[in-house]
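The values are calculated or read from the model by the stated rules, or taken from the named source; none is laboratory data. Just so it is clear, the structure is predicted and the values come from calculations on it, not from any experiment. Ideal geometry is used to build each Cβ from the backbone, glycine not excepted, and the neighbour counts take in all protein chains shown. Remember, those area values only see protein heavy atoms, side chains included, never the ligands or the DNA or RNA. Shrake-Rupley method; radii C 1.70, N 1.55, O 1.52, S 1.80 Å.
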Amino acid sequence: MLTRMRRGWELPEAAATPESVFRDRRRLLKAAAAGPVLLAAPAALLGCDSEEEIAIANAPDPTAHLYPVPRNERYAIDRAITAEEEATTYNNYYEFGSAKNIHKRARKLPIRPWTVTIGGMVEKEIQIGIDELIAKMPLEERLYRLRCVEAWAMAVPWSGFPMRALVDMARPLSGAKYVVMASFQNMKVAIGQREAWYPWPYIEGLTMAEATNELAFLATGIYGKPLPKQNGAPLRLAAPWKYGFKSAKGIVAFEFTDMRPITFWQRLQAQEYGFWANVNPAVPHPRWSQATERVLGTGERVPTQIFNGYGAFVAELYRGLESERLFV
Ligand code: MTE
């Protein structure tokens, strides 16, 4: 049985949030709630797998035939690709709990139908099924490094499309300054979402300049196959110059806005997890150093690089913003 524990950092939402941002979040909540809903199976509540859950877990991915996609060699990496087994069994996905081994639980998430809402400051709101969205987008493979704020790191071949392509499709209004992403809500299978002290849904955001930077990538696949659910299927962000928590998984809504969002982790612990969260070895987390990172699989410790080694692509985005907390 789950008991509700209050945490020291827990704040009533209204106390932490200006009203307009709060209202913005409500809109996103509505969009996120429109995402897929699993019909409750009594067996699921007892902790065993119902036939329906087994069918969901084993459902073939309708996009499987699209992979592998051609690799874009512009995005080379300087280290070995992490073993698939490691990258797909050591995950952060708080919707399914705070442990790293959530991959089996995540399989119960139904990911079809899956509607993506693109709204806010756009010419016209779009609601599009994931398969139609993927069919419209230019798919390619990129090798990217991922650096988690917890100081572990991996290097993986993502398949997907530049976020810029989605922004172009969205036709944002000229006043839009940020793209906010919201992850799915489905308390029936995402047991972490039953823990009400977390401010669900998972919200993340990028500035328009970041979202249209060539590195911002929306991943639909990994290792030449559709994304497994634990890695964020059917749609997740890969923003490799930022700490991993910026790369929201299981995205159901993109909202263009002129207000900087308060993100999931910021709402929980703003001193530790800021909006920008760019990787910087010289700026420690309040509770640990960020100078080195542990390579997933080998356990080797290697020096962390500024912007996770992607400074040539993104450093100029932050010129003139030095007064901001760019690295926490
Ligand atoms: N997205 C959602 N919706 N929920 C999460 O808990 N965790 C983040 C990010 N995206 C998270 C999320 C964190 S902390 C990291 S490090 C990466 O996902 C991990 O991605 P991976 O499990 O595919 O390595």
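Values computed for the structure shown
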read-out	value
Dipole magnitude of segment 204-328 about its Cα centre (Cβ charges: Lys, Arg +1; Asp, Glu -1), debye to nearest 20	480 debye
Heavy atoms of Ser289: accessible area, 1.4 Å probe, square angstrom to 10	70 Å²
Of every Cα-Cα pair in the chain, the percent that sits beyond 33 Å	21 percent
Under-12-angstrom lysine pairs by C-alpha in the chain, whenever the two are 8 or more apart or on separate chains	4
Gain upon complete extension [Lys124, Glu324; 0.36 nm per residue less C-alpha separation]	68.8 nm
Mean residue ellipticity (222 nm) of the chain, computed from DSSP H runs ≥ 4 via -39,500 (n - 2.57), nearest 500	-5000 deg cm²/dmol
Solvent-accessible surface ranking, highest first, for His103, His65, His285 at 1.4 angstrom	His65, His103, His285
Lys108 accessible area, assembled protein chains, probe 1.4 Å, Å²	40 Å²
Which of Asp78, Asp131 is most accessible, then next, and so on - probe 1.4 Å	Asp78, Asp131
Residue with peak Gaussian network fluctuation, the chain [Cα springs, cutoff 10 Å], from Gly232, Gly175, Gly120	Gly175
Solvent-accessible area of Phe256 with every protein chain in place, 1.4 Å probe, in Å² to the nearest 10	0 Å²
Among Asn58, Asn308, Asn186, residue whose mean-square fluctuation peaks in a GNM of the chain (springs only between Cα atoms under 10 Å)	Asn58
Per-pair calculated FRET efficiency, R0 = 56 Å: Ala55 and Trp288 via Cβ, rounded to 0.05	0.85
FRET efficiency, 1/(1 + (r/R0)^6) with R0 56 Å, evaluated for Ala196 and Arg74 via beta carbons	0.80
In Hz, Karplus ³J(HN,Hα) per residue of segment 209-226 (6.51, -1.76, 1.60; θ = phi - 60°; x = Gly, Pro)	5, 5, 5, 9, 5, 4, 6, 5, 9, 9, 8, 10, x, 7, 6, x, 9, x
Summed residue charge, Cβ within 10 Å of Arg105's Cβ, Lys/Arg positive, Asp/Glu negative	+3
Largest-first ordering by accessible area, 1.4 Å probe, given options Thr89, Thr298	Thr298, Thr89
